[in-house]
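Notes to accompany the following structure.
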Amino acid sequence: MPTESLKITTSEGHELSGALELPSGLVRGAALFAHCFTCTKQSKAATAVTRALAREGIASLRFDFTGLGASQGEFGRAGFASDVEDLIASAEYLIGRFDCQILLVGHSLGGAAVLAAASELGRDKVAAVATIGAPSDVPHVLHNIKGDLEAIERDGQGEVTIGGRSFLLGREFLEATRAINLVEQMGKLRVPLMIMHAPTDEIVGIAHAGKLFDAAKHPKSFVSLAGADHLLLDEDDAKFAARMIAAWAGRYLPNKEALPMPEEGVVVQTGNGKFGTEVHTVSHRFVADEPLSYGGDDTGPTPYDLLLAALGTCTAMTMKMYADRKQWPFAGARVHLTHERDHAEDSGHALDDGEAVQALYRKIELLGDALDEERRAKLMEIADKCPVHRTLSGHLHIHTEAVG
């Protein structure tokens with residue numbers, strides 16, 4: 001996916017470091033991801049979920065909370081309230097840029113933060129919320145802090161260890177964290193909610209998911225991340241969570257359909273990234289791209305892939321249609337196609353005005369052994385009669401006009 005680095009200024013005046021995952025095609029919606037306690041935007045869960053959503057046409061922003069990763073500010077003095085403020089600032093950026101309601105996704109304490117932020121942002125700005133391993137009580141995270149918290153409350157600040165990293169923690173952090181009543185806020189949440197949690201989560205027990213689910217209003221959903229650890233360190237677990245969120249969110253996110261399905265023919269429009277291009281037929285939609293070796297994102301077939309596919313599919317369809325009409329025992333055909341850009345040297349064709357001679361190679365394998373040699377030969381003859389073959393090998397004119 002194309003990734004855009006950006007900076008978001010908070011209400012406190014410092015900058016948050018963000019990474020916006022953009023679809024290769026057109027943007028149909030937007031999502032904001034909040035990472036886990038002391039993690040960063042580069043965590044496996046953050047990266048997997050935002051990229052999975054981008055593949056579904058949802059521009060997805062992940063960022064470092066205040067004082068973490070590449071973001072400015074002091075983590076140890078910020079506290080949970082600051083995380084919520086960071087989310088609101090980032091959400092307002094997305095809403096302003098894409099002019100739509102957004103999806104909020106939060107992992108661990110980030111899940112608690114998006115629930116709190118959703119209540120403040122309101123239904124007109126938030127389309128839905130999804131959480132992964134979120135605690136039902138924010139003060140729960142204090143159990144993961146190694147240090148003398150009583151001394152910090154007495155002296156105003158002190159050094160602690162969280163997840164093996166050292167932080168200077170302030171009294172304000174502890175006070176703000178203990179003041180949050182998330183279950184009470186859940187009752188005020190008026191947006192669709194999906195809660196994802198692992199029954200074997202040893203950091204935030206499954207009971208937290210039950211409390212959040214019971215306190216939430218419908219529509220609400222629960223998905224079990226059976227066998228996953230709290231941080232989703234196993235890439236398969238992170239990808240599963242990402243796919244589930246992407247599929248569920250499609251029901252609630254508003255569809256920013258900038259390119260309608262055509263009544264006839266095909267319409268294409270430039271997307272994001274270097275080569276990403278969206279393709280719409282009368283009833284289908286997909287993305288064309290170039291491979292990584294050509295500077296693309298490899299999120300869809302290349303233009304020449306589509307050209308070869310047009311010839312190959314038409315060949316297979318035509319052969320099957322003929323065999324079915326004759327009621328022959330046809331087991332199918334496998335068509336392998338390649339494209340050669342400069343065929344002049346091998347073919348001996350003369351070049352006109354410096355134009356290169358190109359060639360398409362088609363190898364057809366008739367599957368099964370029920371057809372006799374005469375029928376097999378007839379089907380090979382029929383292959384050259386497919387409509388796309390006739391179009392490519394006939395006198396083709398392309399007429400272009402500027403519109404608008």
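The values are calculated or read from the model by the stated rules, or taken from the named source; none is laboratory data. The structure presented is a predicted model; accordingly, all values stated were derived computationally and were not measured. Note that we place each Cβ from the backbone using ideal geometry, even for glycine, and neighbour counts take in every protein chain shown.
There is at least one residue in segment 242-258 that is part of a helix (DSSP H, G or I), closer than 21 Å to residue 37 by Cα and not hydroxyl-bearing (Ser, Thr, Tyr).
Among the candidates 309, 333, which residue alone is under 32 Å from the mean Cα position of the chain (by Cα) and modelled with pLDDT of 90 or more? Spell out how you get there, then give the answer.
Details: 333 fails: under 32 Å from the mean Cα position of the chain (by Cα).
Going through 309, 333 in turn, the sole match is 309.
Among the residues making up segment 25-62, those that are within 10 Å of the chain's Cα centre (by Cα) and part of a loop (DSSP other than H, G, I, E, B) are 56, 57. Note on segment 281-300: residues that are more than 20 Å from residue 260 (Cβ to Cβ) and of a type in the set (S, T, N, Q) amount to 2.
Taking the criterion of being in a strand (DSSP E or B) and either assigned by TED's automatic domain parsing to the domain that holds residue 129 or without any contact (Cβ under 8 Å) to a residue 40 or more places away in the chain (or both), the residues of segment 259-278 that qualify are 267, 268, 270. The set of residues from segment 240-249 being at pLDDT below 90 and surrounded by 17 or more Cβ atoms within 10 Å (Cβ to Cβ) comprises 242, 246, 249.
Only residues that are in a helix (DSSP H, G or I) and either crowded, with 20+ Cβ neighbours inside 10 Å or outside the structural domain of residue 105 (by TED's automatic domain parsing) (or both) were counted in segment 191-239, giving 5.
Among the residues of segment 63-104, how many are outside any helix (DSSP H, G or I) and in contact with a helix residue (DSSP H, G or I) (Cβ under 6 Å, 6 or more places away or on another chain)?
Step one: filter segment 63-104 for residues outside any helix (DSSP H, G or I), giving 63-74, 99-104.
Cutting the leftovers down to in contact with a helix residue (DSSP H, G or I) (Cβ under 6 Å, 6 or more places away or on another chain) gives us 63, 65-68, 102-104.
Of the residues in that region, 8 qualify.
To keep it simple, each residue is scored yes or no on (1) in contact with a strand residue (DSSP E or B) (Cβ under 6 Å, 6 or more places away or on another chain); (2) among the small types (Gly, Ala, Ser).
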| site | (1), (2) |
| --- | --- |
| 21 | yes, no |
| 27 | yes, no |
| 33 | yes, no |
| 57 | no, yes |
| 60 | yes, yes |
| 93 | yes, no |
| 99 | no, no |
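State all residues of segment 258-309 that are of a type in the set (Asp, Glu), out of contact with any Leu (no Cβ under 7 Å at 6 or more places or on another chain) and surrounded by 14 or more Cβ atoms within 10 Å (Cβ to Cβ); if no residue qualifies, say none.
Looking only at segment 258-309, we keep the residues that are of a type in the set (Asp, Glu), and these are 263-264, 278, 289-290, 297-298, 305.
Applying the additional criterion that residues be out of contact with any Leu (no Cβ under 7 Å at 6 or more places or on another chain) yields 263-264, 289-290, 297, 305.
Once the filter is applied, which keeps residues that are of a type in the set (Asp, Glu), out of contact with any Leu (no Cβ under 7 Å at 6 or more places or on another chain) and surrounded by 14 or more Cβ atoms within 10 Å (Cβ to Cβ), segment 258-309 yields 289, 290, 297, 305.
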